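For reference, the structure is listed below as structure tokens.
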Amino acid sequence: MRCEPGLYPSIVPPYLIARLRHHPDAHVAESARRTLDLDTGVRRVRPTATPAPDRRPAAAAEEAEAAAPAAPRPHRVISDAESGDVLPGRTVRSEGDPAVDDPAVNEAYEGLGTTWLLFQEAFGRDSLDNAGLPLRATVHYLQDWDNAQWDGQRMLFGDGDGTVFNRFTLALDVIAHELTHGVTQYTANLVYRGQSGALNESVSDVFGAMAKQFGAGQTADQADWLIGAGLFTDQVQGSALRSMIEPGTAYDDDVLGKDPQPGHLDDYITTDDDNGGVHLNSGIPNRAFALAATKIGGHSWEGAGPVWYDVLTGSEITPGTDFAGFARLTVAAAAQRYGDGSDQHRAVAEAWQQVGVVTTGTGPGSDPGPVTVTRSGGFAGMRLQRTVDPDDLDASDAAEWREVLSNPSVWQGFRTATAGPPLPDGFTFTVSAPGAGIDIRAGERDLPPRLRGLLNRFLRRS
């Protein structure tokens, strides 16, 4: 999975942890502050699609101990960081070992096993890389860490602060969520920003929910579709981190505030925070999956699940795929798997329609075409212009262009390129993308920082 420097995918969104810095309990506030600081520190080295070998202390021994088996079966290694930050920590349980006295160790071990079994039995996948990669997890990571995270090589689980959050190994769907970030890293490698980043988060929620249902033997109708149920203590007014079936209803607490997730594209949140709202806007594709799964009926991993898996591991998805592109691919995959016009095909198409995502637009196979950016004015009166198809840019910028071109709210309030007198002061930008219906002019100071940076990078690479 492709992430920008300083970013790792985690189960708890940064905006929620930020709220806890103002918690009346000093211990909780301090834990939140440390979590934010330590998250930033631990996110300095980014994973690539093929993680580099772990050369930290004890890693070599762990590598030998966790050698991948020849036959498809899980190979789990659970380590204990003992509230520190040295990874991987002390190995405390390996594949086939009996349970230990530490519930966090056993929960991580069993959670990895259930998730591995889901991928193997339902989708024929052998571990994250489909080649038997050992599953590594470290528990008791950092002191009272309010998070769980995939760091490109292993899963990290905090113990929570005990007032707002319980330990993060309690929830099977959280374990499966983090493990699925690894699957995405080895398959679609979705850029962790904007709509592709929200899809990255959503895919992890989708397979996390399926793992929980798989472990409980539940049908889609029987499932609660909550992500992270049990993580909050009884002092929090909330049932979970997220609701897939009803985004925005998971919690409503005096300190945490109200769950801000949208469930429809009309309510899409444009923000520079949270890597472009990846934990926020994931509610939209989350709801699409939950609606499709319940409409199809039966077990989610036998109905809608194979469709999502086909797309995630298929050849058409790209790192910059957006909501419209993903919707188009899932509708096509449902037709391919179950038949054109089948109940499953219609259920997937209707689910995307219910959340406001049409299956045409800036996704794969529906290119918005070239974009022309012009910058003029300034003290020197120089004029720069560049025309290029966003798909020809690097993956991160291509994903960001797809997001802004498919989101009309980004461009609202700017003048059309042919209207009005020149704007005073500084540079003036014009952006023309006929395929996306965009033709605007704006002064440099009128542009949001993220959009201004995107336009300047676009011109610098000419």
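Odds and ends about this structure:
- The set of residues in the range 281-303 being within 14 Å of residue 355 (Cβ to Cβ), aliphatic (A, V, I, L, M) and out of contact with any Phe, Trp or Tyr (no Cβ under 6 Å at 6 or more places or on another chain) consists of 284, 291, 292, 293.
- Residue 98 being at pLDDT 95 or above and farther than 15 Å from residue 138 by Cβ: yes
- The residue that is modelled with the lowest pLDDT, among those in the range 424-439 that are more than 16 Å from residue 369 (Cα to Cα) and crowded, with 19+ Cβ neighbours inside 10 Å, is 427.
- Taken over the range 200-220, the criterion of being closer than 11 Å to residue 172 by Cβ, under 21 Å from the mean Cα position of the chain (by Cα) and not hydrophobic (A, V, I, L, M, F, W, C) is satisfied by 208, 212, 213.
- A count restricted to the range 313-358 and to residues that are polar (S, T, N, Q) and buried (at least 19 other Cβ atoms within 10 Å of the Cβ) stands at 4.
- Members of the range 145-189 that are farther than 21 Å from residue 87 by Cα, touching a Gly at 6+ places or on another chain (Cβ under 7 Å) and either without any contact (Cβ under 8 Å) to a residue 24 or more places away in the chain or in a loop (DSSP other than H, G, I, E, B) (or both): 166, 171
- Of the candidates 293, 223, the single residue that is of a type in the set (A, V, I, L, M) and either in a helix (DSSP H, G or I) or closer than 25 Å to residue 23 by Cα (or both) is 293.
- The residues of the range 226-260 that are hydroxyl-bearing (Ser, Thr, Tyr), outside any strand (DSSP E or B) and more than 18 Å from residue 355 (Cβ to Cβ), listed by number, are 233, 239.
- Within the range 261-280, tally of residues that are modelled with pLDDT under 95, closer than 14 Å to residue 356 by Cβ and not in a helix (DSSP H, G or I): 2
- No other residue among 167, 154 is within 20 Å of the chain's Cα centre (by Cα) and more than 23 Å from residue 323 (Cα to Cα) apart from 154.
- Tallying residues that are touching a helix residue (DSSP H, G or I) at 6+ places or on another chain (Cβ under 7 Å) and closer than 24 Å to residue 185 by Cα within the range 315-343 yields 14.
The values are calculated or read from the model by the stated rules, or taken from the named source; none is laboratory data. Note that the structure is predicted; figures quoted are calculated from it, not measured. All Cβ positions, glycine included, derive from the backbone under ideal geometry; neighbour counts span all protein chains shown.
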